[in-house]
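Visitor: Have a look at this one.
Any read-out appearing in this document is the output of simple, stated calculations on the displayed coordinates, not a laboratory observation. Quantities reported herein were computed from a predicted structural model and do not represent experimental measurements. Here the Cβ is made from the backbone with ideal geometry for all residues, glycine too, and neighbour counts use every protein chain on show.
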Ligand SMILES: Nc1ncnc2c1ncn2[C@@H]1O[C@H](COP(=O)(O)OP(=O)(O)OP(=O)(O)O)[C@@H](O)[C@H]1O
Ligand SMILES: Nc1ncnc2c1ncn2[C@@H]1O[C@H](COP(=O)(O)OP(=O)(O)OP(=O)(O)O)[C@@H](O)[C@H]1O
Ligand SMILES: [Mg+2]
Ligand SMILES: [Mg+2]
């Protein structure tokens, strides 16, 4: 039986390859891409930028991966970012410390997540619609807090979360890497991961097997809200101001995209947070290509769309199956335990 | 084999590989016109896979397919339907969101001026179903009816579409006697019309009753092709299993009936099941008998908390307990192996290992993960004990054959070491070998002091393991049989007092 | 109130826009006018719906801040039919002039030109590599301010725009894009930044600081809008110039309207607001104090 | 007897009537033909696109690209009419073909490569909008006498409301959509696909052609919607109709269609559109909401409608025999 280590490696191999290609594209456009130096007390270089700028999406996709694993989707994360940023900013502007502000922001994000969770798990509203409500209304709430302006602040502690460094390393990088590691450990060292997968694949069966699917569902949306809140605080801290109008705008789509590029199915079930995080970095590398290319901005979307399409086509299960068949071509394919996952999947059925 | 008649459908050298499995290996199947051909084999032998290869649901990896002597290559089920091959696949494969009539006529709706004529479609559906003794409203959604009704609709659809060949994959698994009899009379009519029929089932009685010839599969290979008049039951079983099936004398009801474990008083839910009371003792198997739709499944679901009762109470070992969700029930040591394994049992994309451990892990809570080594050990133990056929423990459970899925579900609940085990149709779709094993297992569990409640449509089976049988009719408990009263005849008698076996649904 | 006016606002996508809304409200209130406000969430179709709604309610006049120049003929005609005068705020439309009463706007191209001319003068013939932060791709301020700036620096061979990318009018994107400019071009080779609005410039200032350079000295910064934070930055020496886009479009608009409704005085078809240039020479701290409560 | 399957439709209808009555009691001016005419005209393009979206959602998919396709079509028409001598009708045909083919390609990717619709159409959304930018970032006005002729086609009722051609096109689209969904084999196949892809396949539904046609229809209707939008605004603008896909999804869902596919009605979407239009009209009539309260109120009303619908459905279902276990299909 293959060890868990090699299984993980096999799982994330496609993402690693794609990330390598995306970085290579960057190098082709800008040969100095990998150059990192120490400037002004901080690590300075394009690679650091990719890690740093990818932080919000990376944070979002931790929660989003879990939500998607339960067959849900959370469209409200971008808005929750705005709300959390606004809350944190208004707290420090009113003179509270950065710790209190951070807590308040997390509380706000948690409440948003809870609201989504209750709508989905208790009222049984379809996730996409349930979270659409907050996606629309939440930005209004954020603007209500900031009264529509960019609420600037000077609190060093809060700013440090977004624009500061620890030992030269930008804080956002440390935050998302740490949180990612914690999340991965939490779901894989406990039974949470499996239980979440179970309710994502077949909620009814899981409920009958004694899983508390309702609480678990609420929890994933809660986590998603918390992650979004943290991302919101980072984004606000980065520009020293809460921009309720634009913070996190359309970022939910990037987060979902990252999860999908991470090879996770939107139909729920098996998931990998690590792969999603790689997906986030892939997206950020693509953004970096666009910025470094120096092409006029009218081409941004076309380039992004084409690159994403290429990635998805490469990753499509059907292509994977074809490759598998090519490798296994021959009159008597050897039984290969554990590779059944490469089969084309049509999971829709399983969950009804 | 020099058959004088040319076979309607002739499959030669069919092979099908799945990653990790050789599902079919050089299989030959000859279907003569006007014959009912049984396809037999253990769970996982490859029966369903074979018919999927014949009808274009899977693409075969090798072999030729001749229809009336001409080679065919159906690329999809639609193509095979056009060629006159009608099929009922294992598990009901109809669409829950469409009405009965829409399901019946999907893809071949009566048209008027290019548009679907619903009026005519509904009228035709009513007429078709009446031929099967079903007086139901075809404009209702399919899900308004029980699995049995759905199965009949699926059969009616396939029959309607089969110009030359009709393939039935375990159509009788969820039917009761009357419906089976009806189905057989339909099959005989079709046979007289010269149709070739493939019939898959695990009920050997039915095989010998209706079939002319049989092809027997084992591990994806043909091990026998014979006229049923010329072989004995015993020989067929031996071919299927590759060994003799020890005739087990059911060491009936040894061990002692202990204290009452679960006492149900006036439990009921309006519109679903009338209030009922039931005591189940340790070391006792209570059988639930009744016609389809008599409320057995509802009874089980109510006790397990899968459906919230609106009245009544449950006592466990003399103390009142509240069960609002299956989770509460599991916490109290209850277990329920549900009837509909596809939508209520398996978690398709999880591995067999995870599926087996699921209930135990859910009871332990997420904080206390069961170590991987222990999980593997438990799963291994039950795979061996129940003889579950699989490529590896990491195989997603949806890739297992139907019978093996059922066994894995049984393993899930046995792993929780329940005090009270509810089994709803535990042997549905299970092969003869495993059937005997499961009955032996139920006996064993009872002798070890577990309390069991088993709902089953197979009376012989109920008689074999029940210490007491509760008979339901129209969602009301009508009587209880004990000791020597428990024979298939008395049960049938108790049920048969019902004047309207096919009552219209409310 | 004896007069009801409908105001179809684009949305609240920026601080400037919020300020415009605030000022309009204040102006209406001080004149005793009842203002029906409709936020269009950046969508033209919503603005059209709002105008039709105003017509159905029978308001006395309509203020419209059009999100885009085209596509108003039909609905303006309906307003004209219903004899409701329409005044355009901060942007004009491509419609026959008789369909609206007047337009109170600044000249976007002119703003860009002022910025370009300021930079040309500031550099005084020295070589300068300029990076540009554009507004949202496709929006008229982005297009016009780019055009104006290019006109402003036309004929100056020493000035060259080396990189131009969109920063979506936001602080966050301004910072991100500036970061990539600094890396792609090398911080010390960039001599000036032109941003289509102040928010992007403020974001870029932070990126420049993080790269260890001095904004305003190492890299000259000119932007448009003159929001309070820009004044603050100029006061701190981190920014060099900004061109004001006044949020008080409603004042002149309501003046014209009141005159028209009172005795039919036809106002000029275009009331241009001033595009004032602020540099370090002005008392930016004072302007900041004055502006900071306007809802920016 | 009321069919259980028609319940969501009736609930939506009831919700609309109730909501209209409430609005009219607050603002009597809303009870005019003018408002009705506005509802039809102003929501024409959204309604047309939502018909396509209904088909896609019924089949169990989703199409996020429609907003971008509408914008692209508009810019395409404007640029073609500006730069060439082509007659608008010819340009319309060309635009429809492009949009339909675009949808079909997405459908083919979804089917043959087994990629999730959400992501394929998301990429489609980027691509279409990107293509619009590449054609022109500036808003391009359309000045063609044929456009003036089309825009001049309206019926003016005495109170001043104008029932315009595009409103008629929307109503016609809905009627055709209803017939296609319920009276053709293709429509039935779409429902079947939404009910369960694997089962539908075993029952002989041609998955490939159904999937591709569904997305082609959605693309084509988005193209038609783009034409209507260009008539509505006499221009093509690459930044137009951002986020219209979400409005369309909301309308479809409010109209009682399940996002998981298989259950719902095209007619329901019509009332969904009207309800959304009503919300906006109400907000304009109110006129006191600030920008942020507008958003909060829209979200709140959306929630209220969903809840109302859920409640009505539950209440009616409770009286019927419930099947087993968990509440509603989610
Ligand atoms: N899609 C698949 N991928 C991988 N393995 C499969 C797949 N479908 C079936 N198998 C395997 O092929 C073998 C034959 O399965 P099949 O369903 O044909 O058995 P069966 O004879 O119909 O059994 P039963 O009586 O239980 O229905 C089994 O071992 C099963 O695990
Ligand atoms: N032959 C039939 N004709 C019409 N309706 C039926 C028929 N059989 C069942 N039903 C309906 O299906 C409902 C559910 O039956 P269900 O299958 O749960 O009962 P059951 O006693 O568990 O039978 P089984 O387990 O054998 O399917 C019944 O309440 C009844 O309304
Ligand atoms: Mg089978
Ligand atoms: Mg049952």
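Visitor: Return the single residue from A:120, A:136, A:259 with maximal mean-square fluctuation; model: Gaussian network over chain A, springs between Cα atoms under 10 Å.
Guide: Looking only at A:120, A:136, A:259, the largest GNM fluctuation is found for A:136.
Visitor: Label point 7 Å out from residue A:160 along Cα-to-Cβ: which residues of segment A:235-265 have amide N under 20 Å?
Guide: Taking a point 7 Å out along Cα→Cβ of residue A:160, the residues of segment A:235-265 whose backbone N falls under 20 Å are A:235-242.
Visitor: Kindly provide log₁₀ I(q)/I(0) values, in the same order as q = 0.09 Å⁻¹, from the Debye equation applied to equal alpha-carbon scatterers of segment A:1-113.
Guide: After summing over all Cα pairs, the log10 values are -0.43.
Visitor: In addition: If neighbour count is taken as other Cβ atoms inside 10 Å, put D:163, C:169 in order from fewest to most.
Guide: D:163, C:169
Visitor: Related question: So for chain A, averaging the separation of alpha carbon pairs under 8 Å that are six or more residues apart and normalising by length, what relative contact order in percent results?
Guide: RCO, chain A: 30 percent.
Visitor: If you rank A:61, B:211, B:53 by fewest surrounding Cβ atoms within 10 Å, what's the result?
Guide: In increasing order of surrounding Cβ atoms, one gets B:211, B:53, A:61.
Visitor: A further question on this structure: Given a Förster distance of 45 angstrom, what is the FRET efficiency for residue B:368 paired with residue D:134, based on the Cβ-Cβ distance and rounded to 0.05?
Guide: 0.20
Visitor: Can you give me the relative contact order of segment D:44-270 as a percent, contacts being Cα pairs under 8 Å and 6 or more apart? It would help to have the intermediate numbers written out before the result.
Guide: On the way: 420 pairs, mean separation 104.6, N = 227.
Result for segment D:44-270 is 46 percent.
Visitor: Moving on to the next point. For chain C, with a Gaussian network of springs between Cα atoms less than 10 Å apart, report the residue from C:207, C:142, C:154 with the top mean-square fluctuation.
Guide: It is C:154.
Visitor: Take the Cα coordinates of chain B, assign each an equal point scatterer, and use the Debye formula without solvent to give log10 I(q)/I(0) at q = 0.11 Å⁻¹.
Guide: Calculated log10 I(q)/I(0) at the listed q: -1.00.
Visitor: Now for a different question. Which whole-angstrom value gives the distance between the alpha carbon centres of segment A:42-56 and segment B:1-63?
Guide: Distance between centres, Cα-based: 60 Å.
Visitor: Go ahead and run the numbers for FRET between residue B:385 and residue B:448, Cβ-Cβ distance against an R0 of 22 Å, rounding to 0.05. Present the calculation step by step, with values, prior to reporting the outcome.
Guide: Numbers: r = 14 Å, r/R0 = 0.62.
Once the sixth-power term is evaluated, E becomes 0.95.
Visitor: Could you work out how far the C-alpha centroid of segment B:395-455 sits from that of segment C:85-164, in angstrom?
Guide: Cα centroid of segment B:395-455 versus Cα centroid of segment C:85-164: 78 Å apart.
Visitor: Listing D:127, A:230 from the residue with the fewest other Cβ atoms within 10 Å to the one with the most, what is the order?
Guide: D:127, A:230
Visitor: Using label points projected 7 Å from each Cα along Cα→Cβ, tell me how many nm separate residue D:246 and residue A:103, to one decimal.
Guide: For the pair residue D:246/residue A:103, the computed spacing is 3.3 nm.
Visitor: Let me ask something else about it. Any idea what Rg and Dmax come out to for segment D:44-270 if you just take the C-alpha atoms, in Å?
Guide: 17.4, 58
Visitor: Spin-label point model (7 Å from Cα, Cβ direction): what's the residue B:485 to residue D:208 distance in nm?
Guide: Going by the 7 Å Cα→Cβ label model, 6.3 nm.
Visitor: Arranged from highest to lowest average of other beta-carbon atoms within 10 Å per residue, in what order do the peptides C:231-243, D:75-87, A:41-53 appear?
Guide: Ranked by mean Cβ neighbours within 10 Å, highest first: C:231-243, A:41-53, D:75-87.
Visitor: Using the Cα gyration tensor of segment B:261-349, with a ≥ b ≥ c the square roots of its eigenvalues, what is the shape: rounded (a/c below 1.5), prolate (a/b larger than b/c) or oblate (neither)? Please list the in-between numbers first.
Guide: Numbers: a/c = 1.44, a/b = 1.21, b/c = 1.19.
Here segment B:261-349 falls in the rounded category.
Visitor: Additional query: Just need log10 I(q)/I(0) for segment C:210-296 at q = 0.25 Å⁻¹, Debye formula, equal scatterers on the alpha-carbon atoms, no solvent, rounded to two decimals.
Guide: Ignoring solvent entirely, the Cα scatterers give -1.15.
Visitor: Also: Would you give the gap between the C-alpha center of segment A:109-184 and the C-alpha center of segment C:197-263, rounded to a whole Å?
Guide: So the separation of the two Cα centres works out to 29 Å.
Visitor: Extending each Cα 7 Å along its Cβ direction at residue C:266 and residue C:214, get the distance between those two points in nm, one decimal.
Guide: Here the modelled spin labels are 5.8 nm apart.
Visitor: Out of C:209, C:146, C:80, any idea which swings most in a Gaussian network model of chain C, alpha carbons joined below 10 Å?
Guide: C:209
Visitor: Continuing with this model, one more query. At a 10 angstrom cut-off on C-beta neighbours, averaged per residue, how do the peptides B:477-485, B:195-203, A:299-307 rank from highest to lowest?
Guide: So the order, starting with the most tightly packed, is B:195-203, A:299-307, B:477-485.
Visitor: I'd like the mean, over residues of D:134-140, of how many other protein chain beta carbons sit within 10 Å of each residue's own Cβ.
Guide: Mean partner shielding for this stretch: 6.
Visitor: Here's something else I'd like to know. Using alpha carbon coordinates only, what is the Rg to Rh ratio of the protein assembly as shown, with Rh defined as the Kirkwood radius? Provide the component values of the computation, followed by the final result.
Guide: Values: Rg = 35.2 Å, Rh = 34.9 Å.
Using Cα coordinates only, the ratio equals 1.01.
Visitor: Checking the a/c ratio against 1.5 first, then a/b against b/c, what shape does the Cα gyration tensor give for segment B:139-293?
Guide: Cα axes put segment B:139-293 in the oblate bin.
Visitor: Which whole-number percent gives the relative contact order of chain C, counting Cα pairs below 8 Å spaced six or more residues apart?
Guide: 18 percent
Visitor: For a Förster distance of 60 Å, can you work out the FRET efficiency between the beta-carbons of residue B:440 and residue A:323, rounded to the nearest 0.05?
Guide: Details: r = 46 Å, r/R0 = 0.77.
For R0 = 60 Å, the calculated efficiency reads 0.85.
Visitor: Output the Cα-based Rg and Dmax of segment B:260-505 in Å, rounding Rg to one decimal and Dmax to a whole number.
Guide: 17.8, 57
Visitor: Once the convex hull of the C-alpha atoms of segment B:340-422 is built, how many Å³ does it hold per residue, rounded to a whole number?
Guide: Expressed per residue, the convex hull around the Cα atoms of segment B:340-422 is 95 Å³.
Visitor: Ordered by packing density, taken as the mean number of other Cβ atoms within 10 Å over each peptide's residues, highest first, how do B:453-466, C:118-131, D:227-240, B:296-309 rank?
Guide: The densest-packed peptide leads the list: D:227-240, B:296-309, B:453-466, C:118-131.
Visitor: When Cβ neighbours within 10 Å are restricted to other protein chains, what is their mean count per residue of peptide C:167-175?
Guide: For peptide C:167-175, the averaged partner shielding equals 5.
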